[in-house]
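Derivation of every value follows stated rules applied to the coordinates shown; laboratory data play no part. Small disclaimer: the values here were computed from a predicted structure and weren't measured. Cβ coordinates were reconstructed from backbone atoms using ideal geometry, including for glycine residues, and neighbour counts include every protein chain displayed.
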Amino acid sequence: MCGCVIRKPHFLSRYEVGKGLWQGRPIALVKPLTYMNASGEVVKAALRLAKAVPADLLIVCDSLDLDLGALKLKLQGSSGGHHGLDSIFSALKTTAVPRLSIGIGRPFRRGAVIRHVLGDPTPEEAVLLERAVETASRQILRLLKEPKQKVMGDVNRRVKDDAREED
């Protein structure tokens, strides 16, 4: 879609990066290869290389606190206990970092969080996650051409509407 080929910039890199253009705007996709709770230094280095500021970022991460497949967009605020976000906020010295969370749901069994987060989804869960990633991709592209507040309202309203349908 944007012509990005994601690869390590050099052998010792702690991340992969893909650069491309979308509707004439340069974009970069960065995938840390570190543990999640050490991703802040990678994000800080990527910002430095791109000569960008935290508000230019969009962190895409999972969320145990959202239903499987739900999306939530925040422009700033706390990490909600997400250790990857804590690492990024600490490295950048700000919580004013836009992020799009994709719900993975919370496991029913206590103590099963690590297996749930790192394990493979069931085939049914995989279908929901694939749909969520496709929707997230469309919303990310909207952020490049529409006001962030409008996109955030649409994404977050969808989460509320989905919750109301379940009641």
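Counting only alpha carbon atoms, the long axis of helix 123-143 and the longest principal axis of the chain meet at about 50°. Sorted fewest first by neighbouring Cβ atoms within 10 angstrom, K8, K44, K93 come out as K93, K8, K44.
Taking amide H atoms as placed 1.01 Å from N in the peptide plane, the amide H of D62 lies under 5 Å from those of I102, each 5 or more residues away in sequence or on another chain.
Using Cβ counts within 10 Å as a stand-in for footprinting exposure, how do I27, I114, I104, I6 rank, fewest first?
Working: I27 18, I114 9, I104 23, I6 14.
Listing I27, I114, I104, I6 from fewest to most nearby Cβ atoms yields I114, I6, I27, I104.
Just the number, please: percent antiparallel of the DSSP beta bridges in the chain, rounded to the nearest 5. The antiparallel proportion sits near 70 percent. Counting lysine pairs in region 15-166 whose alpha carbons fall under 19 angstrom apart, excluding pairs fewer than 8 residues apart on the same chain, gives 19. Placing +1 on the Cβ of every Lys and Arg and -1 on the Cβ of every Asp and Glu, with nothing else charged, gives region 15-166 a dipole about its Cα centre of roughly 640 debye.
Per-residue 3J(HN,Hα) values for region 53-59, derived from phi via the Karplus relation 6.51 cos²θ - 1.76 cosθ + 1.60 with θ = phi - 60°, read 10, x, 5, 7, 7, 9, 8 Hz in sequence order (x marks Gly and Pro). Comparing L58, N156, A132 along the charge dipole axis of the chain, the residue lying farthest to the positive side is L58, per the Cβ-charge model.
Helix content alone sets the calculated 222 nm mean residue ellipticity of the chain: runs of n ≥ 4 DSSP H residues at -39500 (n - 2.57) each, divided across all residues, give -13000 deg cm²/dmol.
Here the scattering of region 15-166 is modelled by Debye summation over its C-alpha atoms, one equal scatterer each and no solvent; at q = 0.11, 0.12, 0.18, 0.21 Å⁻¹ the log10 of I(q)/I(0) is -0.45, -0.53, -1.24, -1.59. Put in line by how crowded their Cβ is, counting other Cβ atoms within 10 Å and starting with the fewest, S39, S137 read S137, S39.
Since only H116, L71, A91 are under comparison, the one whose Cα sits farthest along the positive direction of the charge dipole of region 15-166, derived from C-beta charges on Lys, Arg, Asp and Glu, is A91.
Across region 38-49, rounded Karplus estimates of 3J(HN,Hα) from the backbone phi angles (6.51 cos²θ - 1.76 cosθ + 1.60, θ = phi - 60°) give 10, 6, x, 5, 5, 4, 4, 5, 5, 4, 4, 4 Hz, Gly and Pro being marked x.
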